[in-house]
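First the structure, in the form of structure tokens, and then the observations on it.
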Amino acid sequence: MPGVREQPSPGERQHDLLTADFAASGIDTRRFGFYDQSAFLARESANPSYLAQYGEWVMTRPISAEYEAHVRPTVPKLTRLLAKAFARYDARGRCVSASCMMTRMLDRLGVWSFGVCGSVILEAPALGLRREMQTIALKPGPLKITGHAWTCAPPFLIVDPSLAFQHCDPAFARLLPETVLAEASARRFYPSVEDCVSEPVRALFASAEGWRDPCLHHRLDPGLAGLWRTFPPREFTASGLRMRFVPVAIRQPAQSLAHIELDAEGRTGMTVWNSVVAPAFGMAPLSYE
């Protein structure tokens with residue numbers, strides 16, 4: 001009706017509350033990368049899960065038509081550029097570096113984003129193939145990590161330039177897309193214990209307790225249910241490959257882009273930015289910060 005002000009949505013109200021909370025701590029939310037500000041780091045030091053509030057702030061941030069017109073070409077373009085760079089450098093198993101680079105680069109390109117760590121389950125039912133990357137697993141070695149990492153840059157809820165470069169069976173590798181981009185149309189689902197906890201860990205508990213607990217993932221990580229209310233797991237299918245992405249934690253890079261390591265050859269985020277990304281976007285090259 002004319003003269004009646006439209007009521008803000010629950011997401012907008014939550015965004016306003018988060019903005020006010022940040023401002024009360026002296027955090028300037030007008031600046032990209034404000035998770036680096038000393039006031040934010042002080043709050044995070046007292047509460048390691050504080051980064052989830054940054055993620056929620058980005059998730060609930062209203063998207064204007066002008067901003068969306070900027071984001072929609074920028075995110076896919078950067079994702080493709082990074083995927084091609086990782087292929088050129090044979091940067092396998094570097095999902096954390098990829099997510100950190102993506103987040104830092106999006107800050108420079110004027111796109112709000114945050115990093116996500118979690119479990120990813122890949123299934124090709126027609127071929128009888130299944131690949132599990134659970135976060136609750138026995139670590140394969142001192143330099144290896146469990147699970148997977150990707151980026152969220154609304155309206156793109158899953159942005160992943162590195163899935164194809166994780167260690168997979170050759171038959172599986174042929175099915176993996178070069179990049180993964182998913183929006184809110186990707187179906188929400190509620191993860192099972194198999195989505196989050198590896199079979200060796202499930203078997204270990206079953207042997208000790210005499211039964212298989214279908215809620216073991218919630219016992220081992222009690223914060224999952226709360227996290228999923230804000231950052232819902234998503235699944236979708238492409239070219240016969242079913243992909244399930246299960247957030248477990250929100251993570252942001254501690255290092256500057258120039259110092260994020262890509263591989264043992266000494267290539268860093270600065271290498272990728274200066275040689276691939278900056279020329280493609282007409283941006284200035286980096287020097288060590």
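Would you confirm whether or not the stretch 101-110 contains a residue that is more than 22 Å from A171 (Cα to Cα), basic (K, R) and surrounded by 16 or more Cβ atoms within 10 Å (Cβ to Cβ)? Yes, that holds for at least one residue.
Flag not set for I145, criterion: at pLDDT below 90, touching a Cys at 6+ places or on another chain (Cβ under 6 Å) and in the same structural domain as A264 (by the TED database).
Listed by first and then second residue, the pairs with beta-carbon distance under 7 Å, at least 6 apart or on different chains, first residue in the stretch 231-255 and without any contact (Cβ under 8 Å) to a residue 60 or more places away in the chain and open to solvent by 20 Å² or more (accessible area, probe 1.4 Å), second polar (S, T, N, Q) and assigned to a strand (DSSP E or B), form an empty list. Among the residues of the stretch 77-111, those that are small (G, A, S) and within 14 Å of T151 (Cβ to Cβ) comprise A83, S97, A98, S99. Would you mind stating whether A249 is assigned by the TED database to the domain that holds S185, in contact with a helix residue (DSSP H, G or I) (Cβ under 8 Å, 6 or more places away or on another chain), among the small types (G, A, S) and over 30 Å from Y89 (Cα atoms)? Against the criterion (assigned by the TED database to the domain that holds S185, in contact with a helix residue (DSSP H, G or I) (Cβ under 8 Å, 6 or more places away or on another chain), among the small types (G, A, S) and over 30 Å from Y89 (Cα atoms)), A249 does not qualify.
Scanning the stretch 276-287 for residues that are more than 24 Å from the chain's Cα centre (by Cα) and without any contact (Cβ under 8 Å) to a residue 24 or more places away in the chain yields P279, G282, A284, P285.
Only residues that are open to solvent by 30 Å² or more (accessible area, probe 1.4 Å) and more than 25 Å from A52 (Cα to Cα) were counted in the stretch 256-269, giving 4.
The values are calculated or read from the model by the stated rules, or taken from the named source; none is laboratory data. No experiment lies behind these values; they were computed from the predicted model shown. A quick note on method: Cβ atoms are made from the backbone with ideal geometry, for glycine too, and the neighbour counts reach across all protein chains shown. Protein only, heavy atoms only, side chains kept; ligands, DNA and RNA dropped before computing areas. Shrake-Rupley method; radii C 1.70, N 1.55, O 1.52, S 1.80 Å.
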